[in-house]
Structure formats: structure tokens, C-alpha cells
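The values are calculated or read from the model by the stated rules, or taken from the named source; none is laboratory data. Small disclaimer: the values here were computed from a predicted structure and weren't measured. When we count neighbours, we look across all protein chains shown, and the Cβ atoms used for this are built from the backbone with ideal geometry, even at glycine. Accessible surface is based on the protein model in full, side chains and every heavy atom, while ligands, DNA and RNA are left aside. Shrake-Rupley method; radii C 1.70, N 1.55, O 1.52, S 1.80 Å.
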Amino acid sequence: HRVYGMNTVNLRLTNTYGPRMDLQSDQKGFMGVFIRRALRGDHVQIYGDGLQRRDFNYSSDVVDAFLLAASGGEQLWGKSFNLGFRKSYSLLDVVRILQRHAKFDFECIEFPSERKAIDIGDYMADFSLFHNATGWEPAIDLEEGLQSTIRHFIKKPTRWSNG
């Protein structure tokens with residue numbers, strides 16, 4: 001239950017995105033790379049057929065989950081919970097939604113062998129334990145969240161542009 005004398009709760013995040021996310025690094029998941037490339041009008045490459053499914057959490061939903069975890073009391077201490085979304089999207093869905101908000105092209109290419117070895121295929125987290133313990137449910141769907149994220153970064157081009 002306790003780490004360094006503190007009661008703890010572990011939240012496992014899944015594909016978190018939103019305004020103020022790091023778009024400069026290629027090491028923090030594909031969503032930042034896709035969004036940055038979309039904003040720049042660069043070509044997006046999807047490994048495989050693009051049908052791999054994921055779930056996504058908008059940053060404000062994750063903040064709400066952290067606040068609930070911090071104030072949830074003894075019933076949560078020492079436990080681990082997944083965050084996720086009630087609907088999954090293919091990577092093709094993601095780029096098509098992004099194309100409604102930014103002008104860019106994409107293509108599906110064969111997996112590089114070093115990437116194929118670590119690909120997880122489909123992944124959708126079951127957040128029912130956290131929901132049952134706290135009542136938390138994600139509120140922001142991918143379409144709304146990506147629109148808000150793109151709007152934010154268009155106003156702050158120095159966070160993603162080359163210059």
C-alpha cells in the first residue's frame with residue numbers, strides 16, 4: 001500500500017493526448033508523431049494495414065482520473081487500475097479524423113522488422129475496475145479531443161513547427 005510512507009494508487013494510462021502534449025519527441029507514442037506531421041502537412045506513414053485498434057484518453061479525462069485516485073481513500077490504496085475508453089479506433093480512423101482538421105497525406109507501409117517485433121497489435125484497456133471504484137468514465141471522444149488538440153497547437157506553432 002505504501003511507497004516512501006505514502007498511500008499510493010497506480011493508474012495505467014492508454015494513448016493519452018491533448019493540448020500541451022509533447023509533439024517534438026518521436027519517443028512518446030505514435031499520437032504525438034501523427035499530430036505533429038498532420039499540423040506540418042507532412043506525409044504520415046502507418047505500419048501494416050492500419051487496422052490495428054487502440055483506445056485513447058483525452059488529457060482532461062486523465063486529470064479527472066488522477067484527482068479521483070488521489071481523493072478516493074483506502075478502497076483504492078495499493079491497487080492498480082487501467083484507464084481506457086469505451087470505444088476503440090483503428091489507426092486509419094485516427095488519420096482520417098486528423099484529416100478533417102489538417103491537410104496531409106498518409107500511406108500504409110510494410111512493418112519494418114525491428115518495429116514488427118515489438119508491435120502490440122490491438123490494445124483496448126478495460127477501465128471497469130476504476131469505474132466501479134470511483135464512477136470515473138472518460139467523457140471526451142477522439143473526434144472532439146483531436147479537434148481541440150489541433151486548435152490548441154495551431155495557436156501555438158512554436159511547440160510543433162520547425163521554426
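Here are the numbers for this structure:
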item: Whole-number D in µm²/s for the stretch 61-106 (Stokes-Einstein; Kirkwood sum over Cα pairs; 37 °C, 0.692 mPa s); result: 239 µm²/s
item: Per residue solvent-accessible surface (Å²) - the chain, probe of 1.4 Å; result: 57 Å²
item: Considering only the chain, percent of DSSP beta bridges that pair antiparallel, nearest 5; result: 30 percent
item: Relative contact order [Cα under 8 Å, 6+ residues apart], the stretch 1-156, whole percent; result: 36 percent
item: 222 nm mean residue ellipticity, helices alone, for the chain (DSSP H n ≥ 4; -39,500 (n - 2.57); rounded to 500); result: -10500 deg cm²/dmol
item: Fraction of accessible area attributable to carbon and sulfur, the chain (%, probe 1.4 Å); result: 49 percent
item: Gaussian network model of the chain, springs between alpha carbon atoms under 10 Å - residue of A70, A139, A38 with greatest fluctuation; result: A70
item: P(r) tail fraction, the stretch 114-158 - alpha-carbon pairs more than 13 Å apart, %; result: 73 percent
item: Projected label distance in nm at M6 and S80, using a 7 Å step from Cα toward the beta-carbon; result: 1.9 nm
item: Karplus 3J(HN,Hα) series, Hz, for the stretch 55-65 with 6.51 cos²θ - 1.76 cosθ + 1.60 (x for Gly, Pro); result: 10, 9, 10, 6, 4, 5, 5, 5, 4, 4, 5
item: Calculated P(r) tail over 18 Å for the chain, as whole % of Cα pairs; result: 63 percent
